[in-house]
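Scroll down for the structure; my scribbles are underneath it.
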Amino acid sequence: MGSAQVLRDGSSQLIGPIDDALLDDAIVDPEQRAALRSLGMRWVMVVPLVAGPRILGVINFVNSESGRRFTHADLELAEELGRRAGSAVENARLYHERSHIAATLQRGLLPDELPLIPGLRLASLYRPAGEENLVGGDFYDAFETPDGWMLLVGDVTGRGAEAAALTGQARHTLRTAGMLLADPAAAFEQLNQSLAHRAELTPCTVALIHVAPDARSAEILCAGHPQPLLVRGGEVRPVGRFGPMLGAWTDAHWNPERVALEPGDVLVAFSDGVTDTVGADGRFGEERLLAALRGVTDAAAAIATIDNALNAFQSGEQADDTAVLALDIPSA
């Protein structure tokens, strides 16, 4: 009888009045019997905690000092509480499970730790919009190719789960194509064809930096994306050639611009989540970004400067994902 029986078959129990004779018959262990007798129990209801056909547990209702008798109406109310509590427990379990699955999948979409590149130093900033998001529509990556290193920052259409899924496709397509072909334009071509043949229009913008093996030059091209910024001698200027966004036209082409890199240079690629950050005075904008980066001397300082500037400027909740990837050429 009691909780064990209710847990086995799901049938509620109304027990009482409870006296010494009932306790003597039901409880074999004298110590346990004495403990229960000290509670002064008079009536007990034991009802299942249910979620649909599943029995999750039991709830015990006990009357002691008051001497009040539980009735069948009380039992019906207790059973309804058991059903509602069981439904709440099951919903919480399902929410936890789905949240765990979502977090696990999102972590799988996050880029690996930044690699160590001879002759370069890297730093990054990643701020997905939304409290529950680990990854959004902006992304960055850095990986080795047969002819140097590729660094990229991109932005896909939308927000939330749909954008995160497209982010994974875009980043992994560019990584695979870049590692196999070692050609920025060819990597863009592979992703462009993949996106252009989707049922719905899903354009993507990317800024790609292909650093030569000796880290003294880089090819830079932009597919509908803000140009990276080169900081040299404290001054800031955009670099890289514009081209069409990815996924919009199957016959699109991209031509890189080769930029010489010198010791002390800092190169910053960023998504438009930086310039579109909303504050009390409107958008953060490119002019504020240029002003913030003037005089920075390394990648880590560039990232810290942008992060601090956005945090100070932003008003309200973050409206868009943000991704920034910076590199510098250490001075001799």
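Estimated at 0.36 nm per residue, the fully extended path between A26 and E257 surpasses their Cα-Cα distance by 74.4 nm.
Between H100 and S66, the modelled labels are 3.9 nm apart [label points 7 Å from Cα along Cα→Cβ].
In whole percents, the pair-distance distribution calculated for region 193-252 from its alpha-carbon pairs, binned every 5 Å from zero, is 4, 18, 19, 19, 16, 10, 8, 4, 2, 0.
With r defined as the distance between the Cβ atoms of R294 and A182 and R0 fixed at 22 Å, what FRET efficiency is calculated, to the nearest 0.05? Mind dumping the intermediate values first?
Details: r = 34 Å, r/R0 = 1.54.
Rounded to the nearest 0.05, the efficiency is 0.05.
Rank-order 30-41, 210-221, 55-66 by packing density, defined as the average count of other C-beta atoms within 10 Å over each peptide's residues, highest first.
Working: 30-41: 12.2, 210-221: 19.6, 55-66: 15.3.
By packing density, highest mean first, the sequence is 210-221, 55-66, 30-41.
Return the calculated 222 nm mean residue ellipticity for the chain, to the nearest 500 deg cm²/dmol, obtained by summing -39500 (n - 2.57) across DSSP H runs with n ≥ 4 and dividing by the residue count. Walk me through the numbers before you get to the answer.
Working: 9 runs with 125 residues, N = 332.
Calculated mean residue ellipticity at 222 nm is -12000 deg cm²/dmol.
How many percent of DSSP beta bridges within the chain run antiparallel, rounded to 5? Here the share of antiparallel DSSP bridges comes out near 95 percent.
When the solvent-accessible surface of protein heavy atoms is calculated with a 1.4 angstrom probe, in what order do R241, R98 fall, highest first?
On the way: R241 120, R98 165 Å².
Sorted descending by solvent-accessible area, the residues read R98, R241.
Between V89 and D9, the distance separating the two model label sites (each 7 Å from Cα on the Cα→Cβ line) works out to 2.1 nm.
Our estimate of slack between W249 and A304, defined as 0.36 nm per intervening residue step minus the Cα-Cα distance, is 16.1 nm.
Short-range pairs are left out: with C-alpha atoms under 8 Å and at least six residues apart, the relative contact order of the chain is 15 percent. Read through the labelled values (i) 1.58; (ii) 1.00; (iii) 1.28 and report the label of the one computed as Cα Rg over 2.2 N^0.38 Å from the structure. Recomputing Cα Rg over 2.2 N^0.38 Å here picks out (i). Compared with the dominant principal axis of the Cα atoms in the chain, helix 299-313 is inclined by about 60°. Name the residue, out of Y95, Y140, Y126, whose mean-square fluctuation peaks in a Gaussian network model built on the chain with Cα pairs under 10 Å. Answer for the Gaussian network model of the chain: Y95.
Spin-label model, A165 to E200: label points 7 Å out along the Cα-to-beta-carbon direction sit 0.9 nm apart.
Mind checking region 276-332 for GluC sites (Glu not before Pro) that DSSP puts in a loop (not H, G, I, E or B) and that have at most 11 other Cβ atoms within 10 Å? The partial results should precede the final answer.
Working: sites: E286, E287, E317; in loops: E317.
Here the sparse-neighbourhood loop sites are E317.
With 0.36 nm allotted per residue and the present C-alpha distance subtracted, the L116-L81 stretch has 6.7 nm of extension available.
Each other residue within a Cβ distance under 9 Å of H210 adds +1 if Lys or Arg and -1 if Asp or Glu, for a net charge of -3.
The values are calculated or read from the model by the stated rules, or taken from the named source; none is laboratory data. Keep in mind the model is a prediction, meaning the values are calculated, not measured. Positions of Cβ are backbone-derived with ideal geometry, glycine not excepted, and every protein chain shown enters the neighbour counts. Side chains included, ligands, DNA and RNA excluded: accessible areas come from the protein's heavy atoms. Shrake-Rupley method; radii C 1.70, N 1.55, O 1.52, S 1.80 Å.
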